[in-house]
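Read the structure below first, then the notes.
The values are calculated or read from the model by the stated rules, or taken from the named source; none is laboratory data. Note that the coordinates shown come from a computational prediction; the quantities given were computed from them, not determined experimentally. Cβ coordinates were reconstructed from backbone atoms using ideal geometry, including for glycine residues, and neighbour counts include every protein chain displayed.
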Ligand code: F6R
């Protein structure tokens, strides 16, 4: 795992976007992006827009798959992940909306919708680069502590901590959905490259667990230790509980 420590969320965005751009340049117009909502990737999306524009990278054939979407939540609500991805990714990067996919949280049969999402990812050729954050409890996607390492896209219950963390996007915690559809840890492990952005003291425990382990379902992001190409872009606050920073940095590729 490559750990890059930066000074500000803006710098994190620039560094993470450059990691993503490397994949886009290598793969070309048909690149398959994995995208996340939340605050962490916002500066990355902004910096990526700048790179795509200045280098005139062709994303006309690119597709994107979101990590998750709330269950039983109107997709036209401004806090739905469908709307969030449209606002922060699809429109700024001028992606073809028909090629931007989210799990169907309104399906009658959520398990079948999860399987269909996995099939769509496979048919697209798999995810070339997954942009993501982590929850304060170490979740990735909405794979909360205790998630199976073999899990695929499926309905999940949100942890109390996650609902508290996400209450800032709503008027009250009661409005935060209780369930989501999320790509599984197995799905995430299949992506070719992972770029995870984490900033602020609230992510320090999660980052320490993800980078220094042990690998455990209780810190789902720790499974990234098994990923062949994962980069963490973090600031000093998020890095503040790492005990073996010199070792990790020495292991940078
Ligand atoms: C979002 C997602 C979540 C968030 C995580 C961090 O699609 O899958 O794992 O990345 O909850 O959220 P922020 O970045 O808002 O702290």
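Let me confirm something: among 49, 27, which residue is away from the ligand (no atom under 16 Å from the Cβ) and more than 27 Å from residue 199 (Cα to Cα)? Can you show your working first?
Details: 49 fails: more than 27 Å from residue 199 (Cα to Cα).
Unique residue meeting the criteria: 27.
Taking only the range 152-168 into account, find how many residues are more than 30 Å from residue 126 (Cβ to Cβ) and within 12 Å of the ligand (Cβ to nearest atom).
Going through the range 152-168 one residue at a time, the tally reaches 5.
Taking the options 216, 187, name whichever one is surrounded by 23 or more Cβ atoms within 10 Å (Cβ to Cβ) and at pLDDT 95 or above. Give the derivation first.
Details: 216 fails: surrounded by 23 or more Cβ atoms within 10 Å (Cβ to Cβ).
Just a single option satisfies the conditions, and that option is 187.
Just checking, how many residues over the range 1-24 are within 16 Å of the ligand (Cβ to nearest atom) and in contact with a helix residue (DSSP H, G or I) (Cβ under 8 Å, 6 or more places away or on another chain)?
The total comes to 8.
Taking the range 30-46, which residues are more than 16 Å from the ligand (Cβ to nearest atom) and over 15 Å from the mean Cα position of the chain (by Cα)?
If the condition is that a residue be more than 16 Å from the ligand (Cβ to nearest atom) and over 15 Å from the mean Cα position of the chain (by Cα), then 30, 31 are the ones that fit.
Restricting attention to the range 61-75, does a residue exist that is over 17 Å from residue 156 (Cβ atoms) and outside any loop (DSSP other than H, G, I, E, B)?
yes
What number of residues within the range 74-112 are surrounded by 19 or more Cβ atoms within 10 Å (Cβ to Cβ) and within 14 Å of residue 177 (Cα to Cα)?
Counting residues in the range 74-112 that are surrounded by 19 or more Cβ atoms within 10 Å (Cβ to Cβ) and within 14 Å of residue 177 (Cα to Cα) gives 3.
Inside the range 138-235, counting only helices (runs of 4 or more DSSP H) that do not spill past its ends, which hold 1 or more residues that are touching a strand residue (DSSP E or B) at 6+ places or on another chain (Cβ under 6 Å)? Spell out how you get there, then give the answer.
Details: elements: 160-166, 185-189, 204-212.
Result: 185-189, 204-212.
Out of (1) under 29 Å from residue 215 (Cβ atoms); (2) touching a residue at least 60 places away in the same chain (Cβ under 8 Å); (3) within 16 Å of the ligand (Cβ to nearest atom), what's the single condition that is false for residue 104?
Condition (1) is where residue 104 drops out.
On the given criteria, is residue 92 out of contact with any strand residue (DSSP E or B) (no Cβ under 6 Å at 6 or more places or on another chain), more than 15 Å from the ligand (Cβ to nearest atom) and touching a residue at least 40 places away in the same chain (Cβ under 8 Å)? Walk me through it before giving the result.
Numbers: out of contact with any strand residue (DSSP E or B) (no Cβ under 6 Å at 6 or more places or on another chain): yes; more than 15 Å from the ligand (Cβ to nearest atom): yes; touching a residue at least 40 places away in the same chain (Cβ under 8 Å): yes.
In short, yes.
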